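Heads up: the structure comes next, in structure tokens.
Each reported figure results from applying straightforward, stated rules to the coordinates on display, with no laboratory input. None of these values were measured; they are calculated from a predicted model. FYI the Cβ positions are ideal-geometry reconstructions off the backbone, even for glycines, and counts take in every protein chain you see.
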Amino acid sequence: MATIERASKEDASEILSIQKLAYISEAEIYNDYEIMPLKEDIETAIQSFDKNIVLKYVTDDGKIVGSIRAYEEAGECHINKLMVHPEYQNQGIGRKLLEEIEKYFEHVTFKLFTGSLSTKNIALYEKLGYKGYKTGKLDVEDTIFLFMEKS
């Protein structure tokens, strides 16, 4: 049976490989292959474990096919880097990862962002109770993001 487990720094390389595959579809939407998830290096991926809770979705045969990261700050849980290997997308794995990471945090407002043209992502987040509250850019890339939250 597939499981969702807490990931460790030893998983960083495998998770980063999935990230690079999973975010190509996002890059295609925006015709921008310089988006941060595609540029992240292994050192940054490993460092993310210092601040974030990182979960991994592991198949029956022990293969990591999805991951999510989140951290809490000032009563807000910041969810980021939800990813599923392209061959495993549209099977409910992203939903399961998001629902599982929420269990690690209590009495917080959940916050995340996704590309404003990423309709599949937005639909998933809305189904799980997230609502958009603003659009805008980050300093690191040109994508216009939809910022969403859930209380």
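Please go through region 74-135 and write out the GluC sites (Glu not before Pro) that DSSP classes as loop and that have at most 11 other C-beta atoms within 10 Å. Answer in residue order: Glu106. Result for the chain in a Gaussian network model with C-alpha springs under 10 Å: among Tyr30, Tyr104, Tyr133, the largest mean-square fluctuation is at Tyr133. Of the residues Tyr125, Tyr88, Tyr57, the one that moves most in a GNM of the chain with alpha-carbon contacts below 10 Å is Tyr88.
When the helices of the chain are scored as -39500 (n - 2.57) per DSSP H run of n ≥ 4 and the total is divided over every residue, the value at 222 nm lands at -9500 deg cm²/dmol. Let me have the relative contact order for region 3-150, percent, based on Cα pairs under 8 Å that are six or more residues apart. RCO, region 3-150: 21 percent.
Dipole of the chain (Lys/Arg Cβ +1, Asp/Glu Cβ -1, origin at the Cα centre): which of Phe147, Ser17, Gly132 lies farthest to the positive side? Farthest towards the positive pole: Gly132. The trypsin sites (Lys or Arg not before Pro) of region 52-151 that DSSP puts in a loop, and whose beta carbon has at most 16 other beta carbons within 10 Å, are Lys63, Lys103, Lys137.
Checking the Cα-Cα distances for Lys63/Lys150; Lys63/Lys137; Lys39/Lys137; Lys9/Lys127; Lys56/Lys150; Lys81/Lys134 against a 29 Å cut-off, the pairs over it are Lys63/Lys150; Lys63/Lys137; Lys9/Lys127.
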